[in-house]
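Everything below concerns the one structure shown next.
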Amino acid sequence: MNIVCCDNCEKNMESNFPDSKVNLDLLNPLFDEYKGQSGSIISILQKAQDIYGYLPLDALKCIADKTGTKRAKIYGIATFYTQFRLEPVGKYVILQCQGTACHVNGSEEIGEAICDELGISPGGTTKDGMFTLENVACLGCCSLAPVIMVNGEAYGKLTPSSARDIIKNIYKKENGGAANEN
């Protein structure tokens with residue numbers, strides 16, 4: 001059992017996390033793998049995020065309970081490191097480069113087109129759970145500027161129109177050739 005200063009303190013901490021129910025049995029192999037290994041919390045959190053795509057509140061509670069670590073410490077680690085996501089991401093994660101080469105070659109217009117096409121802002125996920133858009137400092141593809149990366153695949157020399165086409169083509173592929181009704 002984890003002890004915090006009071007029930008309200010724990011509720012206040014947990015209010016920072018979206019609540020979702022997940023299959024906690026998926027975590028059991030992690031607890032077996034790291035049993036008795038001190039200093040393994042970050043590795044467990046990383047692998048839990050690999051399992052769920054983010055760190056659900058139920059998973060964080062379970063990790064705290066199974067490792068004997070205070071929930072406040074687990075929550076602190078999950079919120080401190082930018083590698084950890086506390087909300088679900090879309091099936092397709094679009095990383096839009098904001099580096100200098102992309103900026104001077106029109107990344108702002110590309111971003112506006114993507115946001116308009118998807119109906120979200122950077123950091124958001126579409127209502128259908130298909131896309132998440134994240135701005136990143138640099139993708140290291142300066143010769144392709146302006147560039148986005150979708151699930152690890154780079155698309156460069158973009159125009160607002162070609163960026164929209166990428167999204168439309170992914171929707172068509174997902175919908176068996178039918179266009180999305182955004």
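What to note about this one:
- Helix 57-67 vs. the chain, principal-axis angle (Cα, 0 to 90°, nearest 10): 40 degrees
- Put in line by how crowded their Cβ is, counting other Cβ atoms within 10 Å and starting with the fewest, Cys141, Cys102, Cys97 read Cys141, Cys102, Cys97.
- Inter-label distance, nm, simple model (7 Å from Cα along the C-beta direction), Ser40/Lys70: 2.3 nm
- Relative exposure of Arg85, Arg71, judged by other C-beta atoms within 10 Å (fewest first): Arg85, Arg71
- Cα long-axis angle, helix 41-52 against the chain (0 to 90 degrees, to the nearest 10): 50 degrees
- Full-extension gain in nm, Glu174 to Asn28, via 0.36 nm per residue minus C-alpha separation: 49.3 nm
- The residues Thr126, Thr159, when put in order of fewest to most other Cβ atoms within 10 Å, stand as Thr159, Thr126.
- Listed pairs Lys66/Lys172; Lys47/Lys127; Lys47/Lys157; Lys21/Lys173; Lys21/Lys157; Lys61/Lys91 exceeding 32 Å between Cα atoms: Lys66/Lys172; Lys47/Lys157; Lys21/Lys157
- Helix-only [θ]222 nm of the chain, DSSP H runs n ≥ 4, -39500 (n - 2.57) each, per residue, nearest 500: -12500 deg cm²/dmol
- Relative to the current alpha-carbon distance between Thr79 and Ser121, full extension at 0.36 nm per residue lengthens the span by 13.0 nm.
- Linear extension gain, Leu86 paired with Asp165, 0.36 nm per residue minus alpha-carbon span: 25.5 nm
- Model label sites at Cys142 and Asp50, defined 7 Å from Cα along the beta-carbon direction, differ in position by 3.3 nm.
- Fraction of antiparallel bridges per DSSP, the chain only, in percent to nearest 5: 55 percent
- Sites Ala154 and Glu108 - FRET efficiency at Förster radius 22 Å, r taken between beta-carbons, to 0.05: 0.70
- Listed candidates (i) 147; (ii) 125; (iii) 116 - label of the one calculated as volume of the Cα convex hull per residue in Å³: (i)
Since every read-out is calculated from the coordinates, none of them should be taken as a lab result. Keep in mind the model is a prediction, meaning the values are calculated, not measured. Because the Cβ atoms are built from the backbone with ideal geometry, glycine has one as well, and the counts that use them run over all protein chains shown.
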